[in-house]
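Heads up, the thing below is written out as structure tokens.
The values are calculated or read from the model by the stated rules, or taken from the named source; none is laboratory data. Predicted model only: the values in this text are computed from it and were never measured. Reconstructed Cβ throughout: ideal geometry from the backbone, glycine too, with neighbour counts over all protein chains shown. For accessibility, only protein heavy atoms count, side chains too; no ligands or nucleic acids. Shrake-Rupley method; radii C 1.70, N 1.55, O 1.52, S 1.80 Å.
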Amino acid sequence: MALSSRTYIIGVGMTSFVRPLTKKWDYPDMAREAGQLALQDARRQYKDIKAVVASYCYGEPTCGQRAVYELGLTGVPVYNVNNNCSSGSSALMLARRLVMSGVEDCVMAVGFEKMESGLSEKYTDRVSPVSKHMEQMVSLGGDRELINPKVNQFTSDVIKLFAYAAREYENKYPTKLTDTLVDIAFKNRKQGTNNPRASFQNLMSKEAIATKSMLFPPITFGMSSATADGSAAAIVCSEEYMTRNNLQDKAVEILAQNMVTDLPSSFEKSFIELSGFSMAKLAAEKCYAETGLKPDDVDVLEVHDCFSCNELFMYEALGLCPPGQGVNMVKNSEWRSNKDGGELLYLNKKWVVNPSGGLEAKGHPIGATGLAQCAELVWQLRGEAGKRQVEGAKIALQHNYGIGGAAVVTMYGKNRMETTAKL
């Protein structure tokens, strides 16, 4: 096969995301459902898939094989990836690279997770992959005392890392940060009420977000993403495959995609840097450079809101506003209704971020999150998002981050003609 410089998403699928231990299913059931939905969406059969990339964190080796055997036994290669919370985007990136290489012309990425009530580490007899990050957190003045006796060490450490980053932001750019974090969380949860696949579809009030279940100041439960069970899938193909099979009506182009792992700045003098700021910034800059597009060209974003403060940091890392101006961007926002009656918040009266409800409303099955973000943006660019629809959306941007670490930024275009016009 020839090298393919243009790659397209032709099918996406996603299960409902549900709170762990509330539904009787296992990861093969999840992957079968998401995979079948993606195949139906792409008007393909599993025999048309030339390779599979599977993403998950909580599972044994070769879970990917066991999961996709529910779709068929065709002998295709199955690659398993694990990049913590950015696993789904890592799977999509590998699937795209396989297509770009010319080795395969139609590849499925599928992410799934069967989780517990919190994050955990299963192997305690060896060096933790996040030990360097947590040691740096302590060296910067943090501590590793449990935030709550009911919360395990890993979950506690992650919450503290982002809470310390939020405090650093507040000190660096003097502002009353809590109100902004509440506004971001409320935005996500309100937009999530229109997502039938989200774990949380009941609107949480601003008062409840601000005061209920303080985890570690300034982070409350309402400003956090909760673990979930679920799966999402996407099918990537070459331009030649798309054209040959007359799939242009389903296709959304991946315009650019970049992953950045930890930089020297990650381990210097900043909690914000330790939580992935410069990684996202560099990945986004590479996407803008590759496409010739600018932040102002973007219409809709799915951003990794593991905590509301991280979404705030990403406004600046992704170039939506200058450093320190994220709070003002939230203040200068307005709610607008679309033709289906859904309400969306336009940040700085320009961008809609996390119309899906984000991780905070949708839930966070770690291996599936990046592909769920992809699915949402595909629906947005096709105009299929209903009450979540950002009207007129042509360019989309996705940010997915996994501590340890990897930040993946992906840019999508509605279709070739309109994308080329903007370029």
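Which three numbers, in whole Å and largest first, are the semi-axes of the equivalent ellipsoid of region 247-362 derived from its Cα gyration tensor as √(5λ)?
Result for region 247-362: semi-axes of 25, 20, 13 Å.
Tell me the accessible surface of Trp379 in square angstrom (1.4 angstrom probe, heavy atoms of protein chains only), to the nearest ten.
Accessible surface of Trp379 is approximately 30 Å².
When the C-alpha atoms of region 302-343 are aligned to their principal axes, what extent does each axis show, in angstrom, from largest down?
Its Cα atoms span 34, 22, 15 Å along the three principal axes.
Can you tell me, using C-alpha contacts under 8 Å and at least 6 residues apart, the relative contact order of region 6-58 as a whole percent?
Relative contact order, region 6-58: 45 percent.
Once every DSSP H run of n ≥ 4 in the chain is given -39500 (n - 2.57) and the sum is divided by its residues, what mean residue ellipticity at 222 nm do you get, rounded to the nearest 500 deg cm²/dmol?
Computed ellipticity for the chain at 222 nm equals -11000 deg cm²/dmol.
Let me know the Kirkwood hydrodynamic radius for the chain, please, with Cα pairs as the basis and the value in Å to one decimal.
21.2 Å
I'd like the orientation of helix 87-101 relative to the chain: the angle between its Cα long axis and the longest Cα principal axis, in ° from 0 to 90, rounded to 10.
Value to nearest ten degrees: 30.
So, taking all protein chains as they sit and a 1.4 Å probe, how much accessible area belongs to Tyr123, in Å² rounded to tens?
140 Å²
Direction-averaged shadow area of the convex hull around the Cα atoms of region 183-279, nm²?
Answer in nm², one decimal: 10.0.
Give me the distance between the Cα centres of region 74-107 and region 144-220, rounded to whole Å.
32 Å
What is the angle, in °, between the Cα long axis of helix 153-172 and the longest principal axis of the Cα atoms in the chain? Nearest 10 is fine, range 0 to 90.
Compared with the principal axis, the helix lies near 70 degrees.
At Lys132 and Arg43, where each label point lies 7 Å from the Cα along Cα→Cβ, what is the point-to-point distance in nanometres?
Distance between label points: 4.8 nm.
Going toward the positive end of the dipole of the chain, with +1 on Lys and Arg Cβ and -1 on Asp and Glu Cβ, which of Ile49, Ser308, Val103 do you reach last?
The residue sitting most towards the positive pole is Ile49.
If you roll a 1.4 Å probe over the heavy atoms of the protein chains, what accessible area per residue do you get for region 279-423, in Å²?
29 Å²
Over region 131-195, with a single point scatterer placed on each C-alpha, what log10 of the ratio I(q)/I(0) does the Debye formula yield at q = 0.17, 0.19, 0.26, 0.27 1/Å?
With one equal scatterer per Cα and no solvent, log10 I(q)/I(0) is -0.77, -0.87, -1.03, -1.05.
Restricting everything to alpha-carbon atoms, can you work out Rg to Rh for region 1-123 with a Kirkwood hydrodynamic radius?
Over the Cα atoms of region 1-123, Rg/Rh equals 0.97.
Run the dipole for the chain about the Cα centre, Lys and Arg Cβ at +1, Asp and Glu Cβ at -1, nothing else charged, and hand back the magnitude in debye, nearest 20.
The dipole magnitude comes to about 580 debye.
Could you tell me the center-to-center distance, by alpha carbons, between region 10-57 and region 292-336 in angstrom?
Cα centroid of region 10-57 versus Cα centroid of region 292-336: 30 Å apart.
How many percent of DSSP beta bridges within the chain run antiparallel, rounded to 5?
75 percent
Among Ser337, Ile235, Phe154, which residue has its Cα positioned farthest towards the positive end of the charge dipole of the chain, with +1 placed on the Cβ of Lys and Arg, -1 on the Cβ of Asp and Glu, and the dipole taken about the Cα centre?
About the Cα centre, the residue reaching furthest to the positive side is Ser337.
Give me the 1.4 Å probe accessible area per residue for region 30-147, excluding ligands and nucleic acids, in Å².
Here the per-residue accessible area is 46 Å².
Normalised by the number of residues in the chain, what is the relative contact order in percent for Cα pairs under 8 Å and 6+ residues apart?
After rounding, I find 25 percent.
Using a simple spin-label model with points 7 Å from Cα along the Cα→Cβ vector, what separation in nm is obtained for Glu145 and Leu203?
Rounded to a tenth, the inter-label distance reads 3.9 nm.
Cross-link partners among aspartates and glutamates for Lys250, C-alpha distance below 19 Å, same-chain residues fewer than 8 apart left out?
Qualifying aspartates and glutamates at Cα under 19 Å: Asp41, Asp48, Asp105, Glu239, Glu240, Glu376, Glu384, Glu391, Glu418.
Accessible area of the chain with a 1.4 Å probe: how many percent of it is carbon plus sulfur?
50 percent
Tell me the net charge near Val327. Cut-off is 13 Å between Cβ atoms, Val327 excluded, with +1 for each Lys or Arg and -1 for each Asp or Glu.
-2
Rank Thr124, Thr227, Thr243 by accessible area, highest first, at a 1.4 Å probe radius?
Correct descending sequence by accessible area is Thr124, Thr243, Thr227.
So for the chain, taking the charge dipole from beta-carbon charges (+1 Lys/Arg, -1 Asp/Glu), which of Gln36, Ala284, Pro129 sits furthest toward the positive end?
Gln36
Pairs of alpha-carbon atoms within less than 8 angstrom and 6+ residues apart define the contacts here; what relative contact order does region 269-324 have, in percent?
Worked out over region 269-324, it gives 42 percent.
Only sites in a loop by DSSP and with at most 15 other Cβ atoms within 10 Å count here; which chymotrypsin sites (Phe, Trp or Tyr not before Pro) in region 178-277 make the cut?
none
Let me know the volume per residue of the alpha-carbon convex hull for region 323-423, in Å³.
Enclosed volume per residue, from the Cα hull, is 133 Å³.
May I ask for the angle, rounded to the nearest 10°, between helix 308-317 and the longest principal axis of the chain, with both axes built from Cα atoms and the value confined to 0 to 90°?
The helix 308-317 is inclined about 70 degrees to the chain.
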